[in-house]
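Below: the structure, in structure tokens.
The values are calculated or read from the model by the stated rules, or taken from the named source; none is laboratory data. Predicted model, so just to flag it, every value in this text is computed and none were measured. FYI the Cβ positions are ideal-geometry reconstructions off the backbone, even for glycines, and counts take in every protein chain you see. Areas reflect the complete protein model, heavy atoms only, side chains present, ligands, DNA and RNA absent. Shrake-Rupley method; radii C 1.70, N 1.55, O 1.52, S 1.80 Å.
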Amino acid sequence: MSKKKIRIALSGNPNSGKTTIFNALTGARQHIANYPGVTVEKKYGRTNHQGYEIEVVDLPGIYSLTAYSLEEIVARDYLLDEKPDVVVDIVDASNLDRNLYLALQFKELGVPLIIALNMMDVASSRGITIDTELLSHMLNAPVVPMVARTRSGIKALLDKVLEVAEREHEWHPELISYGGDIDQALDEIEEILQRSRFYDEKYAPRWLALKCVEGDDQVLRLMEREPILHDEIEAVCRRVSRHILNTLEEEPEGIIADHRYGYIAGITRKAVKRKIQSRLHLSDRLDKVLTDRILGPIIMLVVLYATYEFIFWASEAPVAWTESFFEWLKEVIFLVLPPGNLRSLLTSGVIDGVGGVLGFVPLIMFMFLAIAVMEDAGYMARVAYMLDRVLRWFGLHGNSVLAFLISGGISGGCAVPGILATRTLRDPKERITTILVVPFMNCGAKLPLFGVLIAAFFSKNEARMLFIFTLLSWAFALFSAKIIRSTVLRGPKTPFVMELPPYRVPTLKGLAIHTWERTWQYIKKAGTVILGFSILLWAVMTFPQLPQEQRDHYRAQRDSLEKAFLSHAQVRGLIHGKKELALLDERFSSLIQDKGKGKETVQTDHPHSPVPALAEAAFRLKNGGRDLVEGMDPGLIKAAKVYLDYQEAMAQSLAFERRDALLHAFAGRIGKALETITRPLGFDYRVNIALIGGFAAKEIIVSTLGTAYSLGDTDSEEGTSLSDRLRNNPDWNPLKAFTLVIFSMLYVPCFVTLAMIRKEASWKWAGFSVAFNLLIAYTFSLFLYQVGSFLGLGL
């Protein structure tokens, strides 16, 4: 005997526990797809109960059945097209007045309804007592009290589902009064609809009439299929709208909403008792301060700044340890492997490339931890709520805030899920505008570059600089949105409704999981995508190699310098031949490295040997000048000066060869060709190469800079970090660093983000994003660098 089958739909407001109940009902027997023709996720599963096979469809979280958002349209179309046997509305018992608004619209539609009264424990903790029998009687629908997170009430819910599904039933729309004027208009429209043979039982005439008066775009478009009918209905709607505007100074839609809430208030006044009516819940009391129109934004900025101070304070030592590890690894490779392409690949391609990105894993990890604390505590939702006031002025919807925050509004996000978050926006123009500007946010991929440049040029004000970069990213995104909404995507703004979840104390386990998941994704990206691109970019920065003739020229130049040094009058009596010169170079390098590791004094192994003595004299002369060489033999000091001149000449020869080799390679040629365009911004060919690599992934900007300055730098010191190299490079200064931060913040989105823009919008908008972002980035960076140079700022 085959099982009887029932199909039920789960619906409810966001944060009402709908997903918890769906998981409790279906367990592992669930599937995810997309609704046909749209990007909204469709979840469905199966469960068995008392000989019935129950198919459970989890509808998107919605606040109403009015066709505002894509989720509301999908949910409503599913109910009208599929006619499930039962609709289970998940209601938050602690917020009954707000949650019953959707339940009342289900009653207007006439669906066979069950109210799953979830979070009864939360309601009880707030001093709320609900008479479920009276509530069921007044709503004319079964009410099942539940605590979904403990599975309390799941069996009772399934029993009630079978009870409702087994009845012989039809859909019976609830008749609710919306005032004399609107009721009269509904009667007239319903009569017009009943005269039409076009409409079948799919749409109840009374419900269609209500949607017409509300001005529901989807229903009005449906009416256009019968022009005569449409004109009659439109005339009635115009008349009632004009009359209500003249008498009540309100749109019919607002009057209908008021009557719904009044209807709900009448029910809850009888069925709900609050022990202390005047007592505000803790979350409400906190929100009085944290979301205040004046104090709220100030507190938000203080929290954000304090977050950055914590991030840099906590990550300072781990970042230093990580950099030291990669420097040590390079030294090991230099000792083990002879000069050649393999050593160059490992040191310049892998360690300077990927290591430059992985060096900032501690900073990224603490950033993710801070964001997880704010998300789990419920404060992130308040940030979105407060920023809605700002976004509306720039032509964006309040829900755009979520996309901005996910994309890196507090730094550390990603534009790809940020673009996916725009699916909650109902207006296509608001949605596309948000998609186009979220790449301006400081995603986690940009943080390594910010970290390198802040450490190199703004190390005394690290938190302050990242705070400024965050504010600038918001400013660029919002003003760009204003430009787009005022030109290519003009249109009205839509209203904003947002759920503010209660404040909670984050659990250590939850914070650890959220932080590790995001950090691990970053590490995996560095070990796969970035590693692959780093090796590829090393190859195009290495090949084709310099012609043999040029390499021979530089080798001959260094041989000549070596011979001139060994034959110098001040050196002949101290250093004899190339072998002792090699020992001198090794000793001098060792002293330099010991100093870099914090040793205050330098000990010589052979105090009577001229090699260590000369090395120490050169070291002291280089690092302390005359003060440190007082008392030493004058001849030794003169020889040390000659040796330092020789070292500088050799380093310069090596640097010129490296530079020429990089310029001769494929990447160098491309970077050099672009200098005509980028030189006004202060960028040379190496920065150009890095920015091209950043199109694949923004982290690659750092890895490519590391490789480029390893292969073509004029600094001869090996084992130094990228921040140190840039700080010591005469071509770099704070103004150039600041300009590069702004340009990398604004220029083209990475390849994956562009692919997502194409998927969620079109190729046209993906192309527009590339052109628009480049124009904004170049224009502002040009203005910044040229004005800064003219005023002498940061030079």
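Keeping to segment 359-371, report how many residues are under 13 Å from the mean Cα position of the chain (by Cα) and open to solvent by less than 10 Å² (accessible area, probe 1.4 Å). So the count comes out to 2.
When segment 382-402 is filtered for residues that are among the β-branched types (Val, Ile, Thr) and either over 18 Å from Tyr503 (Cα atoms) or open to solvent by 20 Å² or more (accessible area, probe 1.4 Å) (or both), the ones remaining, listed by number, are Val390, Val401. For segment 281-292, the set of residues classified as free of Cβ contacts under 8 Å to residues at least 40 places away in the same chain and outside any helix (DSSP H, G or I) consists of Asp292 only. Here Leu447 qualifies as under 19 Å from Leu471 (Cβ atoms) and at pLDDT 85 or above. Of Ala649, Ala665, Ala673, Ala661, all but one fail to be in contact (Cβ under 8 Å) with a residue 40 or more places away in the chain, more than 30 Å from Phe619 (Cα to Cα) and open to solvent by 20 Å² or more (accessible area, probe 1.4 Å); the exception is Ala661.
The rows are residues; the columns are (1) touching a residue at least 40 places away in the same chain (Cβ under 8 Å); (2) surrounded by fewer than 18 Cβ atoms within 10 Å (Cβ to Cβ).
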site	(1), (2)
Ala306	no, yes
Ile311	yes, no
Ser315	yes, no
Ala320	no, yes
Ser348	yes, no
Gly355	yes, no
Met380	no, no
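Against the definition (under 46 Å from the mean Cα position of the chain (by Cα) and either among the aromatic types (Phe, Trp, Tyr) or open to solvent by less than 30 Å² (accessible area, probe 1.4 Å) (or both)), how does Ile189 come out, yes or no? The answer is no for Ile189. Met119 meets all of the listed conditions (1) crowded, with 22+ Cβ neighbours inside 10 Å; (2) more than 38 Å from the chain's Cα centre (by Cα) but one, namely (2). Taking segment 1-56 as the range and being over 27 Å from the mean Cα position of the chain (by Cα), small (Gly, Ala, Ser) and modelled with pLDDT of 80 or more as the test, the residues that pass are Ala9, Ser11, Gly12, Ala24, Gly45, Gly51.
Kindly indicate whether Ser124 is open to solvent by less than 70 Å² (accessible area, probe 1.4 Å), among the polar types (S, T, N, Q) and assigned to a helix (DSSP H, G or I). Judged against the criteria, Ser124 is not a match.
Within segment 325-342, can one find any residue that is of a type outside the set (S, T, N, Q) and on the phi > 0 side of the Ramachandran plot? There is at least one residue in segment 325-342 that is of a type outside the set (S, T, N, Q) and on the phi > 0 side of the Ramachandran plot.
Here is a yes/no grid of residues against (1) open to solvent by less than 70 Å² (accessible area, probe 1.4 Å); (2) modelled with pLDDT of 75 or more; (3) in contact with a His (Cβ under 9 Å, 6 or more places away or on another chain):
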{"residue": "Ala569", "(1), (2), (3)": "no, yes, no"}
{"residue": "Lys579", "(1), (2), (3)": "no, yes, no"}
{"residue": "Leu591", "(1), (2), (3)": "yes, yes, no"}
{"residue": "Glu600", "(1), (2), (3)": "no, no, no"}
{"residue": "Ser609", "(1), (2), (3)": "yes, no, no"}
{"residue": "Pro612", "(1), (2), (3)": "yes, yes, yes"}
{"residue": "Ala615", "(1), (2), (3)": "yes, yes, no"}
{"residue": "Lys622", "(1), (2), (3)": "no, yes, no"}
{"residue": "Val629", "(1), (2), (3)": "yes, no, no"}
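The condition of being polar (S, T, N, Q), open to solvent by less than 40 Å² (accessible area, probe 1.4 Å) and closer than 24 Å to Ser473 by Cα holds for only one of Ser744, Ser710, Ser762, that being Ser744. Screening segment 127-163 for residues that are over 27 Å from Lys5 (Cβ atoms) and acidic (Asp, Glu) and picking the one that is surrounded by the fewest Cβ atoms within 10 Å (Cβ to Cβ) gives Glu133.
Residues that are open to solvent by less than 70 Å² (accessible area, probe 1.4 Å) and polar (S, T, N, Q) within segment 518-547 comprise Thr519, Ser534, Thr542, listed in sequence order. One residue stands out among those in segment 718-775 that are of a type in the set (Val, Ile, Thr) and outside any helix (DSSP H, G or I): the one that is farthest from Gly694 (Cα to Cα), which is Thr720.
From the list Glu323, Glu331, Glu309, Glu327, the lone residue that is in a helix (DSSP H, G or I), at pLDDT 85 or above and among the acidic types (Asp, Glu) is Glu309.
Within segment 361-369, is there a residue that is assigned to a helix (DSSP H, G or I) and either over 18 Å from Ser411 (Cβ atoms) or touching a strand residue (DSSP E or B) at 6+ places or on another chain (Cβ under 8 Å) (or both)? Checked segment 361-369: no residue is assigned to a helix (DSSP H, G or I) and either over 18 Å from Ser411 (Cβ atoms) or touching a strand residue (DSSP E or B) at 6+ places or on another chain (Cβ under 8 Å) (or both). Residue count for segment 83-102 satisfying the condition of being in a helix (DSSP H, G or I) and in contact with a Gly (Cβ under 6 Å, 6 or more places away or on another chain): 0.
Determine whether segment 140-158 contains at least one residue that is within 30 Å of Leu208 (Cβ to Cβ) and part of a helix (DSSP H, G or I). Scanning segment 140-158, I find no residue that is within 30 Å of Leu208 (Cβ to Cβ) and part of a helix (DSSP H, G or I), so the answer is no.
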